[in-house]
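Heads up: the structure comes next, in structure tokens.
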């Protein structure tokens, strides 16, 4: 129990006993109600637990503060033992009266380390000293909480002393204080008017904003009704609404009424919203109202309507300009809006450097406005001598003279109006023109010229402002298209650099793979595939798809691919790899620079991860929301040998919260397994099931070379017409030769080391690898010795011959070997250094029952 009293404890310690007695005294007009468990009288309004069959507690009032806090009372006898235990105490502590009557409260509620201190304090209390403090306790749900205790010595009618105890949940008390303070702050500081009506429709309370709006003092409004404040007609409507809200609980929103204030001239209009207030026992307490002065709303609406009419052309431009991220298309969309509705002739010219993807940081002009431009769009309704107005052809390049008004507009970034004799346009039918530079992000990208022919009104100031705004909006879209083109080309370079080069080799597998970006290179996505060699003649096959498009998706793809490779090198199970990858994907979504700590962008990806063991010819697969792998068994019957493997789908990476499952399948010799992304089989033009059926049909004759088969699949299964990326990974299984694996199990005894050397050398001699015998004999001896000394159980020796020679020594110990630098005086510790020096590669991996330490040696030429 803590001796540090709270603020309420200080007040209770200084309050006289009469105040405590008054707090428990019955309210006027109520009779004490005996507690069901202890027999202690409680006022009718006190927060006691109702007995069976009684009315809800507090039924005769709107409620008290005890509706919102947890409080309990009990008493101690002259020996300091619990003598009375109320129902509220039973609810508070979760202990019944039978469990605690006659018990020591210190040992019952206090932690053991505070028993001594508690007994000392209890001795002082029994001697007549009042005590207030805090103590930890466990509630009825077993949660550890903090209570504020009030222990007051008392004397019964028989003259025997005792202690009256009251406990209050401190967390509830502090929460209630905070909520009351917040409510007071909101009510008092809100800029809008708040008013509270009681059940009779009288004002109970108003805030300063409400009183100031009426020009009256807040105190004078208390007790009034709406009939005393408003005209009869409006008062009747508001009064009916108050009664209806109080009866049904349905709020009334935006109820308008008007009136005049003595403090403010003119007739004003208000909007009031009403909602019912309920007590903790869900009994109606009254109605709250929020009032807003909406006198200026009509004037604002008229101004807004006028602005909408003025911006009609701009709104149309917003709908039509920027529908794509193509530079030339965006320029044509600008002309479609302006010709012929706004002008008769229009052209768009862009600097040549802007049209190239590497324009970032390059100087597009010498500073005099005479840089090389390219005409990207042109539109005209004016003809001169039977032909359109002479102008540079679309796609042609040219330069404006340095002293021309066009060069001046490019140089200064400001619009110019050309009319009358000063108009340099050679067409005599043009009498007014506006030259507007295309400026985006403080960079001049090009020039737009809008012209009107004779017979049309010349451009005025309003037209210049509208035209400038039109071009400014189009400039943003043009610059976005420029940035997108640059980003796309860089993303393609990045994406292709992260994909495996060519067709990687793997033990027991013939592999062919393809990647094709969407739209023949006009978009970039996050599809990827990978082939990762693992120890023990195993290979990890991975295909994934980051949701979304653009450079961010490509970067996320690169990060996830790198993470997959790193996790694969740890030799984790496929389900565990996806679990760790899911955590990484959720980490990529977090934005450390965000002020509110929320994610700036959510990264989601699908992935299928498969590990093929060439020795056992078994494949273990885990899936994270990806399409299932396809298996083609030439020996299988049926209309098509292709089938979709039944792998649990799982949730996409980045979602979290769900475990991943894995399945293991035996794959026969000559079978074909395929991993792919949804771009191969899904389209807006048909359902996914149709695409999967088409894939199975296309794989019906899978005896062709893999390279030709991949090309055929991309040719036949083209449902997307450039809608999405496609990643395809095909692997054909072939069994290892019977003499390519040597596998022995040796007992855990010293003679097994020599036996391992003999078996290894004999197997190498049978395979014609005598040149490696000395090295393998030495390294096998070291690994077998380590397994005998540091491992457990039988020792397993396995030699694998494929493109390299792999030797593995298995044991049942889980401790992974660690290479260390031995000192000159050490008798051991150099075995793994020797392995590292003589082997091309070495390492260790987990097995279902322990670990395997392995090394690789290159085969003789």
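In the calculated pair distance distribution of the range 169-219, what percentage of Cα-Cα distances lie above 18 Å?
44 percent
Between residue 465 and residue 573, what is the label-point separation in nm under the 7 Å Cα-to-beta-carbon projection?
Taking the simple label geometry, residue 573 and residue 465 are separated by 7.1 nm.
According to the square roots a ≥ b ≥ c of the eigenvalues of the Cα gyration tensor, what is the shape class of the range 500-733, taking rounded for a/c under 1.5, prolate for a/b larger than b/c otherwise, and oblate for the remainder?
Oblate.
Can you tell me how the range 190-299 classifies by the Cα gyration tensor, rounded, prolate or oblate, using a/c under 1.5 as the rounded cut?
In terms of gyration-tensor shape, prolate.
Quick one: Cα centre-to-centre distance for the range 72-123 and the range 222-298, in angstrom?
53 Å
Normalised by the residues of the range 739-858, what does the relative contact order come to in percent, with Cα pairs under 8 Å and at least six apart?
Numbers: 206 pairs, mean separation 29.5, N = 120.
The value is 25 percent.
Testing the spin-label approximation: label points 7 Å from Cα along Cα→Cβ at residue 635 and residue 268. State their distance in nm.
For residue 635 paired with residue 268, the spin-label model returns 9.2 nm.
What ranking, highest mean first, results for peptides 275-288, 434-447 when packing means the other Cβ atoms within 10 Å averaged over each residue?
Most protected by this proxy first, the peptides run 434-447, 275-288.
Any idea what the relative contact order of the range 500-733 is, in percent, if you count C-alpha pairs under 8 Å spaced at least 6 apart? Please list the in-between numbers first.
Numbers: 527 pairs, mean separation 58.5, N = 234.
Reported relative contact order: 25 percent.
Using the C-alpha atoms of the range 740-805, what convex hull volume per residue, in cubic angstrom, is computed?
Dividing the Cα hull volume of the range 740-805 by its residues yields 76 Å³.
Students often check this: by mean Cβ neighbours within 10 Å, which of 832-842, 343-353, 138-148 ranks highest, and how do the rest follow?
343-353, 832-842, 138-148
Exposure proxy check: 327, 729, 772 ranked by fewest other beta carbons within 10 Å? Show your work: numbers first, answer last.
Numbers: 327 24, 729 27, 772 19.
Least to most surrounded, the residues fall as 772, 327, 729.
Which ordering of 294, 611 is given by a fewest-first count of other beta-carbon atoms within 10 Å? Before the final figure, lay out the partial values.
Details: 294 15, 611 24.
Fewest to most other Cβ atoms nearby, the residues stand as 294, 611.
Residue 748 to residue 282: extension gain in nm, 0.36 nm per residue of separation minus the Cα-Cα distance?
Fully extending the segment from residue 748 to residue 282 adds 160.2 nm.
Compute the relative contact order of the range 190-299 as a whole-number percentage, counting only Cα pairs closer than 8 Å that sit 6 or more residues apart in sequence.
Relative contact order for the range 190-299 comes out at 27 percent.
Mind sorting 487, 98, 113 by how few other Cβ atoms lie within 10 Å of their own Cβ, fewest first?
Ascending Cβ contact count within 10 Å gives the list 113, 98, 487.
What distance in nm separates the two pseudo spin-label positions at residue 78 and residue 711, each 7 Å out from Cα along the beta-carbon direction?
10.8 nm
We did not get these values from a lab; they are worked out from the coordinates using the rules stated. Keep in mind that this is a model prediction, so the values were computed, not measured. Glycine also receives a Cβ, built like all others from the backbone with ideal geometry; neighbour counts cover every protein chain displayed.
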